[in-house]
Amino acid sequence: MNLLYYFTTVGEMFLDPILLLPMLLATFLGIVVGMLPGLTATMGVALLTGLTFGFPTSTAIAMLICVYIGAIYGGSRTAILLNIPGTPANAATTLDGFPLARSGQAAEALTVATVMSGIGSIIGAICIVTLAPLLGQMALEFGSWEFSWLAIFGVTICGTLTAPKDPLKGWIAGFLGLLISQVGLDAIMAFPRYTFGNVELYGGIALLPVLVGVYGVPEILTSLQRTEAPQVILEYGKKTISYIATIGKNLVNIIRSGLVSVLVGVIPGVGEDVAAWISYDLARRGSKEPEKFGQGSLEGLTAAECGNNACVGGAIIPVLTLAVPGSAPAAVLLAALWLHGVRPGPLLPIENPTFIYEVAAMFTVGTVLMVVLGLLITRPLLKILLIPTPILMPIVFSLCVVGTYAISGRLFDVWVMFLFGVVGYFLRLGEFPAAPFVLGFILGPMADANIRRSLILTDGSIGPFFTRPISLVLFLATVLVMASRYIKLPRGGKKHEQ
Amino acid sequence: MTTSNLKKDLIAGVAILIVASLFLIGALLMPKDNIYGLYAYPGITPLALSLGLVVMALVLIFRTVNKTVLEKKATDFSPPSQSEEKNFLTSVELKRLVVVILFCLGYLLLLGKIHFVVLTSIFLALLSFIFYRKQVLIIIATSVGTSILIYYVFNRIFLLPIP
């Protein structure tokens, strides 16, 4: 019945030009944003959130999903042609995409990336339809204790995975985000915390300015301070392979990359870049020709592109069912859902039972639009890469300012955006990842309200934090994630012999 | 790890320690009386979080100091020479960064005081011209055109407020 509703909604969307046209425009915009190095999917979604603020909810959400999918895909264009990932999610694509382009197979690489991104997205959409309701049901078992742990676990695992060289920096960024989110009136007693009598701070620090600041401004500053401009060479070559045969040959690779990436997407805050790397690594391990990886392997390109787009679907699942974002662009999507009066979380399937299927349908339609646009207009669109960064980046800064101001009409938010932008720049300079900071900022209010609610319910006893089954699992998972980075277990065999 | 990275980590560790300590003091000063409930005391979460952050910042600082000491022992460590310091302070990238930040600050300060289209056109044209001293006419045309486009799309078509 629910699947039938999903398919019907997909059909209706294709037949509704009033919805389809904005979705087409948003997908186009997403591809452009993704293609331009320095503009990320997060920025694209954030900027469009401001622009679509006055739109009907379904149109706005559909457009944001389209820009998200489009941007993650669009980044593959520059990754293949310039060896510069358009978004961090396309970093793994450069490894095989650029060698393919260099060897005169750019056209093949571009088309394979388009097809695989489309297949990855469809796997993501299928998982939204099938997994989100299951996770939603599971989330109904969550009490305040579990939500408290979920926030801590989310920040910890996100910190670990986004700062693999030094997880401590990831955790610091996450805790800093959690702490800064405590500014403003508290949710239970309405006590003003860290407001210093400033009325503007009573409502807390808004999410969107922080997101635009942390992701947008550092990119602008970094791009403008750079003295060398990337060389743009737009040569495509001719297609010589059968794409159907490529799909058939990579079927296991596609399914594995898609499913693993969806699971990575479900993990709070981790995102598409990690998914692409994991998919790429698994593909290399499972390949019969691992030596070709990094030299222009279609298997590698398939894994990376299928992985990053499948992860988008995975990242949306916890947004809908737990109100916890699976990636940075999903965090903006979550903020947009709140702005439009949708309350994601465990009660969403009860309060709005069809919404999950509508989102999956938007996702599917967006994917089809992405593939069509990708196959038809990407090549002429690549000319946009010729715009010099010093002209483009100031325009992006103005858009950040206008987008931030448009939400609530307060200059205060613009200053917050800039302040967090500068903070984000220095965090990046010190190699502190932005994702756990943002995730912490989003999960902070949830952690605070639930920790205190739990303590009130149990008269101050912290026992249930460790004795309730799901709480215990989340606690152990948190400890395991932290400990696994520092405790080196003996690995038998060759290492010992050495 | 290079000396400059260690220096960066040390500065970051100290800055985070200061921020976390300020939050910690703020949490301790929050009211704990019965009106707010013994366990719902507003400062309890910030207290726990800031304590966690203080511990992590201390770990970062001690780890960095230890590494610095080890590096000093391993190699004949000498502080960066004057020329190195000078290079760091006067590097082109640093200059460019300062210019961008100053321009952005100026733009934000003047927002709302000068008409959006005029201010944004000047901001875009000047910033683009500083870093890309070619095709002046194209820069001016792009700046003015983009400002007008942003203004009309946001304010006139989508009826959103513009600073």
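The values are calculated or read from the model by the stated rules, or taken from the named source; none is laboratory data. These figures come from a predicted structure and were not determined experimentally. Because the Cβ atoms are built from the backbone with ideal geometry, glycine has one as well, and the counts that use them run over all protein chains shown.
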Test: residue in the stretch A:464-483 that is small (Gly, Ala, Ser), part of a helix (DSSP H, G or I), more than 9 Å from chain B (Cβ to nearest Cβ) and free of Cβ contacts under 8 Å to residues at least 24 places away in the same chain: yes
Taking the stretch A:189-211 and keeping residues β-branched (Val, Ile, Thr) and surrounded by fewer than 16 Cβ atoms within 10 Å (Cβ to Cβ) leaves A:Val199
Just to be sure, is A:Leu140 modelled with pLDDT of 90 or more and out of contact with any Phe, Trp or Tyr (no Cβ under 8 Å at 6 or more places or on another chain)? no
Provide a single number: the residues in the stretch A:378-390 that are farther than 30 Å from B:Glu93 by Cα and either surrounded by 20 or more Cβ atoms within 10 Å (Cβ to Cβ) or touching a residue at least 40 places away in the same chain (Cβ under 8 Å) (or both). 3
Some residue of the stretch A:53-68 being over 21 Å from A:Ile316 (Cβ atoms) and within 14 Å of chain B (Cβ to nearest Cβ): yes
Which of the residues belonging to the stretch A:166-201 are out of contact with any Phe, Trp or Tyr (no Cβ under 7 Å at 6 or more places or on another chain), more than 10 Å from chain B (Cβ to nearest Cβ) and in contact (Cβ under 8 Å) with a residue 24 or more places away in the chain? A:Pro167, A:Gly170
Inspect all residues belonging to the stretch A:191-207 and state whether any of them is part of a helix (DSSP H, G or I) and farther than 30 Å from B:Val99 by Cα. yes
Looking at the stretch B:104-115, is at least one residue facing another protein chain (nearest Cβ under 8 Å), part of a helix (DSSP H, G or I) and more than 23 Å from A:Thr49 (Cβ to Cβ)? yes
The condition from (1) among the acidic types (Asp, Glu); (2) at positive phi; (3) more than 20 Å from the chain's Cα centre (by Cα) that A:Glu431 misses is numbered (3)
Residue that is of a type outside the set (Asp, Glu), closer than 25 Å to A:Trp277 by Cβ, in contact with a helix residue (DSSP H, G or I) (Cβ under 6 Å, 6 or more places away or on another chain) and touching a residue at least 60 places away in the same chain (Cβ under 8 Å), where the choices are A:Thr94, A:Thr114: A:Thr114
Which condition number does A:Ile84 fail, the rest of (1) touching a helix residue (DSSP H, G or I) at 6+ places or on another chain (Cβ under 6 Å); (2) among the β-branched types (Val, Ile, Thr); (3) assigned to a helix (DSSP H, G or I) being met? (3)
Where in the stretch A:91-189 are the helices (runs of 4 or more DSSP H), entirely inside, with at least 3 residues that are among the polar types (S, T, N, Q)? A:106-139, A:144-162
Going through the stretch A:349-369 one residue at a time, which ones are over 20 Å from A:Gly118 (Cβ atoms) and either surrounded by 24 or more Cβ atoms within 10 Å (Cβ to Cβ) or polar (S, T, N, Q) (or both)? A:Asn352, A:Thr354, A:Ile356
